[in-house]
Amino acid sequence: MPTLTPKLGLKKPLGNETVSRAAYNENLDIMDQAAASQADLDAHKNRTDNPHNVTLAQVGGAPASHVGAGGSAHATATGSAAGFMSASDKGKLDSIAAGAAALTSSAPTTQAIGDAAAVGTAATAARADHKHGMPAFGTATPAAETVGDAGAVGTATTIARSDHRHPMPGTATSSAAGFMSAADKAKLDGVAAGAAALTTSTPTTQAIGDSAAVGTATTAARADHKHGMPGFGSPSTQAIGDAASAGSAATVARSDHKHGMPSFSASLPAAEAVGDAGAVGTTMTLSRSDHRHPMPGKATSGADGFMAKEDKAKLDG
């Protein structure tokens, strides 16, 4: 007779017994009936009705009536006593950014002109409406500006108002530097670039034959200046055969001047003779353009002359 296991009652054959297939399968059925399925395990795990009746004391928990009840129970935390966090404290904490610092109760430092920006090292936070002490406005009149002053950043610990004004130089005079007046500007605009000062010296006298020159003077001539010029001379009498000449006189000729000219001859022009040679002549008088010289007559057997037309016809025949 086989013995049985104490929990599931499985049959264990004795050493002298024959094990049959039926007995083996019977043990398998007993184990299957006693085993829980995965679904049974999941359902048991997800139960919230405390099927095993576990108490808070068994797991070290505090009863719900204990939290925030006061007396012998823990109260909510205060500024002087630890305790549970209240709902209002939790809401306040939730509104504070991570890493936020506490607000400081110290007065902000006074800012000085030229202070460098800095993130700071304080572990407290400044209030949104905090104010730093700032430099005061200067009460002294700004320094007067003078011509040629160099720029300067200054050393004062006070600040200037945005509408402050420095005393400025007046218009320039011949004895004091300053701003250019409108009258001086108009005068300057009327002077050409590179213009020289007007000279007070008398212009030089021009001589006949002087070459043109730009000059080397550093002063300018007045628009109505005059150079001394050569005087007018009396024209000389022209003679036949005079050579042209530029002249050497230091005087000038008037535009309507006249030279004395040779006169017309009142004598009858000399008679031309057959065979006369040409000559330029030696007389100092002039011939009129319509003058005529006496000419030889017709040739005769006793005198040379022009051929008569009868003689020409006879000669041709």
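The values are calculated or read from the model by the stated rules, or taken from the named source; none is laboratory data. Owing to the predicted nature of the structure, the values given are computational and were not obtained by experimental measurement. As a convention, Cβ positions derive from the backbone with ideal geometry for all residues, glycine included, and neighbour counts pool all protein chains shown. In case anyone asks, the SASA skips ligands and DNA or RNA and just uses the protein heavy atoms, side chains included. Shrake-Rupley method; radii C 1.70, N 1.55, O 1.52, S 1.80 Å.
Table for the structure above
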item	result
Qualifying residue in the range 158-173 (condition: under 30 Å from Ala221 (Cβ atoms), at pLDDT 85 or above and open to solvent by 70 Å² or more (accessible area, probe 1.4 Å))	yes
Residues (open to solvent by 90 Å² or more (accessible area, probe 1.4 Å) and part of a loop (DSSP other than H, G, I, E, B)) located in the range 284-309	Met284, Arg288, Ser289, Asp290, Arg292, Met295, Ser301, Asp304, Met307
Residue count, the range 289-309 (criterion: of a type in the set (Lys, Arg) and farther than 30 Å from Ser263 by Cβ)	2
Any chance Ala250 is at pLDDT below 85, part of a loop (DSSP other than H, G, I, E, B) and under 30 Å from Thr205 (Cβ atoms)	yes
Selection within the range 257-283 - open to solvent by less than 90 Å² (accessible area, probe 1.4 Å), in a loop (DSSP other than H, G, I, E, B) and within 30 Å of Gly231 (Cβ to Cβ)	His257, His259, Pro262, Ser263
The range 91-146, residues that are within 30 Å of Phe179 (Cβ to Cβ), open to solvent by 90 Å² or more (accessible area, probe 1.4 Å) and not hydroxyl-bearing (Ser, Thr, Tyr)	Phe137
Verdict on Ser201 being among the hydroxyl-bearing types (Ser, Thr, Tyr), open to solvent by 90 Å² or more (accessible area, probe 1.4 Å) and free of Cβ contacts under 8 Å to residues at least 24 places away in the same chain	no
All positions within the range 206-228 that are over 13 Å from Ala196 (Cβ atoms) and of a type in the set (S, T, N, Q)	Gln206, Ser211
Test for Ser234: is it part of a loop (DSSP other than H, G, I, E, B) and either under 30 Å from Ile208 (Cβ atoms) or open to solvent by less than 80 Å² (accessible area, probe 1.4 Å) (or both)	yes
